[in-house]
Amino acid sequence: MTLFYFLDIIGIIAFAISGSLVAMRKKMDPFGVFIIAFATAVGGGTLRDVLIGAQPVFWMKNTDVIYFIIASFFIAIIFRKKLKYLNKSLFLFDSIGLGLYTIMGTEIGLNANFHPIIIISIATMSASFGGVIRDILCNEIPVIFRKEIYATACVLGSIIFLVLHNLNVNDAIIYVSTTLLIITIRLVAVKFKLSLPTFYTKE
């Protein structure tokens, strides 16, 4: 098992649990919880594969992904009482998934020899689109469309990844440092209530 594959699986698990937590917060039945978990886990990667013309999409080629999502679904259900503080748990798993999917998208874009701007775009969509699908299905305004620093963290992480790659830094160091950077940006932004500027004024 390569580090890339390991991190990819961890990202899938994190997003699947994230989707499960949102669905349980909405008091959906078990089937609904599973559908939201599945859509959250594979939504971004599916969009990425469609955009770059990778057919069939990743989870159709590797059924292990489906098994990991099922396992994550059951973990979220079984330990739902220990994850009682759903908002904090959701934020943690969502941030982990965001960081890991960003480096997955960046690496795949690099392997396809895309222009850096395209790579960053693919990485950002890969990381954030699962959350967009999750929030829309759960009748919430997606986090990416609010003033929270969300997609911005993906963009910054992808840029740092490309810089380190061009400096010939070891891949393992790039994967770990970039993921931790994105997670840290999210943690700091929420902790200190940092957000993007808005043009709306308070009435």
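Quick notes
- Residue in segment 191-200 that is in contact (Cβ under 8 Å) with a residue 24 or more places away in the chain, open to solvent by less than 30 Å² (accessible area, probe 1.4 Å) and farther than 30 Å from Asp29 by Cβ present: no
- Any chance Asp135 is surrounded by fewer than 18 Cβ atoms within 10 Å (Cβ to Cβ), touching a residue at least 24 places away in the same chain (Cβ under 8 Å) and closer than 23 Å to Phe31 by Cβ: no
- If you go through segment 1-11 and keep only what is in a helix (DSSP H, G or I) and either modelled with pLDDT of 95 or more or more than 15 Å from Phe68 (Cβ to Cβ) (or both), you end up with Leu3, Phe4.
- Among residues of segment 141-159 being β-branched (Val, Ile, Thr) and outside any helix (DSSP H, G or I), the one that is most open to solvent (accessible area, probe 1.4 Å) is Ile141.
- Segment 46-58, residues that are within 17 Å of Gly97 (Cβ to Cβ) and open to solvent by 20 Å² or more (accessible area, probe 1.4 Å): Thr46, Leu47, Phe58
- Qualifying positions in segment 170-190 - within 14 Å of Leu3 (Cβ to Cβ) and either open to solvent by less than 60 Å² (accessible area, probe 1.4 Å) or part of a loop (DSSP other than H, G, I, E, B) (or both): Asn170, Ala172, Ile174, Tyr175, Ser177, Thr178, Thr179
- Residue within segment 102-118 that is open to solvent by 50 Å² or more (accessible area, probe 1.4 Å), in contact (Cβ under 8 Å) with a residue 12 or more places away in the chain and assigned to a helix (DSSP H, G or I) present: yes
- Among the candidates Ile160, Ile149, residue that is of a type outside the set (S, T, N, Q), under 21 Å from Val176 (Cα atoms) and at pLDDT 95 or above: Ile160
Conditions tested, residue by residue: (1) closer than 18 Å to Thr124 by Cα; (2) free of Cβ contacts under 8 Å to residues at least 60 places away in the same chain; (3) open to solvent by less than 40 Å² (accessible area, probe 1.4 Å); (4) not in a helix (DSSP H, G or I).
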| residue | (1), (2), (3), (4) |
| --- | --- |
| Ala23 | no, no, yes, no |
| Phe34 | no, yes, no, no |
| Gly44 | yes, no, yes, no |
| Met60 | no, yes, no, no |
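- Taken over segment 62-86, the criterion of being touching a helix residue (DSSP H, G or I) at 6+ places or on another chain (Cβ under 8 Å) and surrounded by fewer than 23 Cβ atoms within 10 Å (Cβ to Cβ) is satisfied by Asp64, Val65, Ile66, Phe68, Ile70, Ala71, Ile75, Ile77, Arg80, Leu83, Leu86.
The values are calculated or read from the model by the stated rules, or taken from the named source; none is laboratory data. Note that the structure is a prediction, hence the values are computed from the model and not measured. As a convention, Cβ positions derive from the backbone with ideal geometry for all residues, glycine included, and neighbour counts pool all protein chains shown. For the accessible areas, the whole protein counts, side chains as well, though only heavy atoms, and no ligand, DNA or RNA atoms are used. Shrake-Rupley method; radii C 1.70, N 1.55, O 1.52, S 1.80 Å.
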